[in-house]
Amino acid sequence: MEGYDRARELSAPLLPEPVDDVILDIGAATVNCESDRSAGETTSPFEFLLGSIAATPATTTGTAGFSHSSPLSHPPIPLDPFANRTVRIEGLYEWAKIVVCIPLAIVRLVFFGLALAVGFLATKTALQGWEDKQNPMPRWRCRVMWITRFCSRVILFCFGYHWIRRKGKPAPRELAPIIVCNHVSYIEPIYFFYELFPTTVASESHDGIPFVGTIIRAMQVIYVNRFSAASRKHAVNEIKRKASCDGFPRVLLFPEGTTTNGSALIYFQLGAFIPGYPIQPVAVRYPFVHFDQSWGNISLTKLMFRMFTQFHNFMEVEYLPVISPLENKKESPIHFAARTSHAIASALNVVQTFHSYGDLLLLLKASEQGYEKASAFMVEVARFDHLFSINTLEVVEFLERFMEMKPDCSGRVQMYNFLNSLRLKHSPLTEKVFAFLDVEQRGSITFRQFLYGSACILRQPAFRPACEVIFDNYDHNGEGYISEPQFGNALRCGDPYLSEKNVHELYALFDVDKDGVVGSNDFMICLQKNPVLIGLFPSCTRIETV
């Protein structure tokens, strides 16, 4: 219950009010950096890009109801939606209960193994000789699968779910061919397998899990690689195909894309909503006092052990009213997902956030580096994706570069470490570059600030043209590369304090392919990875954007 109490304390609305779209066209101009200023003054690429950023409205809208204002205008949500809240066994009562339940746990483990073995054999029998997996499973094979479904209920019983409170009921398949549910534990797939025997969407990696891989194949699972656009497109097509055919069972999806601790509802992926079929949302709760059943920062083995050593585990399943796409206007998948997410969040009485699977990757990477407050590195990746079209892998790459700057235990990078990581020395110019990121003027930056500042520069329409102009200006002979002396002369025009050692280290940083010279590809790749470094270069003759 603690998770729900914490969530209720937050004042953020479940769904922000939409604001009008604001479109800024900065791509049509030809900017002459020298003619736009008074005589004797020039505009550096960095200043020009900062001007473009400053001209961008603070609040813009993505699509259909989600407000995407600057991530820095929204302080990080003060909760970690992925953390299991009872990782440590605390209290005399809990230890005594575990000791008392150990004999019971042994019995439960035996029955769990038997149920898994019987279900596996029944599934193998149902799949034997079945080649045409593109069409619905024949009826006699589905009847054999009832044995596995019964075994799944035995498994739930072994885990301590002796009874499961259910509110509402599943809508007929012809009324709602798709079901979506919040995802807290591995228990929900087992429950829905028993209750509905649906077709589901799962990661490709699940196919290789012993026993489980065989069983989910019988559900005619739709595999997806979340990092492959082609795989995601194929999965959406399969969802649409199977939802449109009454011969297939319902399609079950967990649109959060990963498990949470139930204290918030994170951003919904759109695969369930793109086909445009009516959807029945389901809200699942796990009320607890001493043992949080969520699958967060806790190993599967420990989680199963804790479940086996509880007298009873509570689970509540609430089937909500069917939500259909709006008929009076063409509704976008984002707006459809927003209405569905709002319904589930309201039923659970929790806040909605822009966290996603990408934040979980950031959390895990920070934990691997030994940071106790790993949640400080989460940024609500879905918000950055909407603002800058920056994907999860790119965000993770920015985190890796931030980690190279040696954040302190609170997750902040001091100016000295920032400059040292980028082979820079303290000077008025580098102070200006750092100040662009240090919006709080604390002399240190968070990963959220580093990512936002870098993405702001990187996604400006003038960024790439500016990089090309800079390179062309210092590739005097048109040879396709900048020599180290040319590179040093260019940098010293903007920062006369640079030593030969500084220039050499920076040149090595820009020499991405390590062939001894900085070619145009090296130059572009380095600036794309470290956009703030464009602030090192002095004024340009012109920047043309299309």
Protein accessible area in region 467-537, 1.4 Å probe - carbon and sulfur %: 50 percent
DSSP-defined beta bridges in region 171-316 - what % are antiparallel, rounded to 5: 10 percent
Rounded if a/c is under 1.5, else prolate if a/b is larger than b/c, else oblate: which is region 185-231, with a ≥ b ≥ c the root eigenvalues of its Cα gyration tensor? prolate
Within region 203-282, trypsin sites (Lys or Arg not before Pro) in DSSP loop having at most 15 other beta-carbon neighbours inside 10 Å: none
Report the chymotrypsin sites (Phe, Trp or Tyr not before Pro) located in region 219-273 that are in a DSSP loop and have at most 13 other Cβ atoms inside 10 Å of their Cβ, or state none. Phe227
Send over a whole-number figure in Å² for the accessible area per residue of region 146-304, probe 1.4 Å. 39 Å²
Within region 74-142, DSSP-loop GluC sites (Glu not before Pro) with at most 14 other C-beta atoms within 10 Å are Glu90, Glu131
With a 1.4 Å probe and every protein chain left in place, work out the accessible area per residue of region 355-405 in Å², rounded to a whole number. 42 Å²
Based on the alpha-carbon gyration tensor of region 306-367 and its eigenvalue square roots a ≥ b ≥ c, which shape applies: rounded if a/c is under 1.5, prolate if not and a/b is larger than b/c, or oblate? oblate
What is region 171-283 by shape, rounded, prolate or oblate, if you read a ≥ b ≥ c off the alpha carbon gyration tensor as root eigenvalues and call it rounded for a/c under 1.5, prolate for a/b larger than b/c, and oblate otherwise? rounded
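The values are calculated or read from the model by the stated rules, or taken from the named source; none is laboratory data. Since the structure is predicted, the reported quantities are computational estimates derived from the model, not experimental observations. Backbone-built Cβ (ideal geometry, glycine too); neighbour counts: all protein chains shown. Each accessible area value is taken on the protein alone, full model and side chains, heavy atoms only, with ligands, DNA and RNA left out. Shrake-Rupley method; radii C 1.70, N 1.55, O 1.52, S 1.80 Å.
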